[in-house]
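Reading through the structure tokens given below for one structure.
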Amino acid sequence: LRAALRSPAAHADALAALRVARLGIRLAACQPDQDSALEEICEVVYAIASEKSFDDAFRTENIIETLVLYLLSDGTDAAPNLGRSRPTSARLPRHLIFALGSLKFVTQENAENQRALATSGAIGRLANLFERALALSESVAPASDDQVVSQTLVEASAILRSVIDDKRRLQQFLSVDIVGLLSRTIASFPDHAELCFNCVRVLSKLSMASKGRAAIRPGPLLSALRHHYKSHAGLCVRISFILGNLTTACNETRLELAKAGATDLVARAFVFHSRAYLESDPGSKRERDREDLLTKLIRVIANLAIHEDLGPRLLVSKAALQLPAVLERVNRSLEPESETAAGTARQEELALNTVACITNLSFYEDDGRRRGEAAVLYTSHVVQLLLPYLFADNIEAAAEAVRAFGNFSRSTELQNCLSALRVDEAFVILLEHTDREVVLGACGVLTNLVSLAETRAMMVRLDAVPLLVKIVRRAGVSDPEMATRACMVLHNLAHAASREGDNEQPVQDAHRELLLRTLEELLDIARDMDGAEEASDEGSPSESKDEIGPTDLTSFIDVASALMAKLEAADTATGGSRRSHKK
């Protein structure tokens, strides 16, 4: 058979060669000491597999099944060349590299071959191969053996990447602990760029499922990132993607990553690549590559910043100082008259993540300013960079920008800046926005800014009060949080005007009458609902996430009552009279 494979006829007829090879593998795998024969046969198969036109033949001629069943042990049978009769310290045969490489080639872009490979039990057999290869790598072995082990794992991990695209195979991966095996592989070969890259490509897919995220160990990922963040952008992108998924919702994971050194490492990686991005030519491939990478790194920083212990630390890092420069660059790229004029999804995602990161970090800026620290994000420059996003078509970006301005509006210095730049007018306009989160945020900003006489005068001039009354009436007790926010703006507005002795009362008679009637009715309903909620507290908790809770109603009752008292006091002070309201 080996002679037949060397013949000119085999070279001329690849299908015939595959059939001979299939027979040769089955015969040689059942005999002892046939590694050299299998290596020769598998090398022929590998050469044919490198030609894409023969992909289907590997399935129809049962070559995939033969390579899996005869050359990969399932851990229980006496699998011909990797069976249990072999001691675990035995070297890995070189023919495995050719066999695995062949499977990698024919499954890369062929869904039918991927399905055939998965149904042949290859995932479990590959897990056994990982176990054996890792055991060999952890033992004392010659350097040549280590190269065979690492190359075997390179090919095996590439196969896993091909077959994981189908979400239905997720359970197969989890059942044989592929996550743990890949983590061990990265930990054993942190400086092997190709192997680490293949492993994190698989882990990035697994990190999109909750069970996959729960099984991922961050330590090996950080070790690989530490080795390669300057030299391998693709590896850095995927590790950052995984870390972003791990830190999206779990505060414990954020702290765990920080203890493993993620905070400083991710910040360093971001600073390094942001400088390369800022130095790249607009529209160049270097710029495009860095945009994707920065998007992922910034997402990790934004997620880590949610933790109250990590946010202040990141705020004073060099990464925070780079964020405005990155946002300024991407803003230029998104301008209609820019050279790229792209406004691509990639650039929009980078802009969104940068705005979100500034929002999360700026939450901690006010504490630093009280301690006399230099401003990082509380600057007029950052304010102007964020302004375009208030009216962005991307609702998520608009909501993030509004939240950032909510943080800025807590600072006395920035309040004057926001008024001077007429940002306060923008938030009156946003009271009519169609997105609930944007309107909530706009109310929060105006609540802080009404302490300024200029803002109060502007709100009277732009008829902000009727808009706020409309929000209260529309929200009512069905959305007590929204009604509470609007009432708080009106309360602070009336309070500041009374305290400062404004010549013109912001809540005019016509609006005051309507608002008082509305508040009286809503308070009656809210008190009834709040009492009913308290009476049912002894029962089982509601399963509905959208159900109004007693805390929301209590807050509304408190704020609305204070607003009524403030309006009635102002009415009395000006000599007005109106019917008394039920308390």
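Things worth noting here:
- Share of pairwise Cα-Cα distances greater than 17 Å in the range 185-269 is 40 percent (whole percent).
- Cα gyration tensor of the range 93-147 - equivalent ellipsoid semi-axes, whole Å, descending: 26, 13, 7
- Kirkwood hydrodynamic radius of the chain, from inverse mean 1/r over distinct Cα pairs, in Å: 28.4
- Principal axis dimensions, largest first and in whole angstrom, of the range 219-291 by Cα: 40, 24, 17
- Take the chain with all the other protein chains still there, run a 1.4 Å probe, and you get 45 Å² of accessible area per residue.
- Calculated FRET efficiency for the pair Ala562/Glu437, C-beta based, R₀ 30 Å, to 0.05: 0.75
- Cα-based Rg of the range 467-520 normalised by 2.2 N^0.38 Å, two decimals: 1.15
- Eligible aspartates and glutamates near Lys52 by straight Cα distance, threshold 18 Å, same-chain separation 8 or greater: Asp13, Glu43, Glu61, Glu109, Glu112, Glu155
- Extension gain, Ala457 back to Thr119 (0.36 nm per residue minus Cα-Cα distance, nm): 114.5 nm
- If R0 is taken as 25 Å, the Cβ-Cβ distance between Cys30 and Asp145 corresponds to a FRET efficiency of 0.50.
- Restricting the calculation to alpha carbons of the range 412-528 gives Rg and Dmax of 13.8, 45 angstrom.
- Fraction of alpha-carbon pairs over 14 Å apart in the range 399-456 - percent: 45
- Extension reserve of the Glu109-Asp366 stretch, reckoned as 0.36 nm per residue once the Cα distance is removed: 87.3 nm
The values are calculated or read from the model by the stated rules, or taken from the named source; none is laboratory data. No experiment lies behind these values; they were computed from the predicted model shown. We place every Cβ from the backbone using ideal geometry, glycine too, and count neighbours over all the protein chains shown. Protein only, heavy atoms only, side chains kept; ligands, DNA and RNA dropped before computing areas. Shrake-Rupley method; radii C 1.70, N 1.55, O 1.52, S 1.80 Å.
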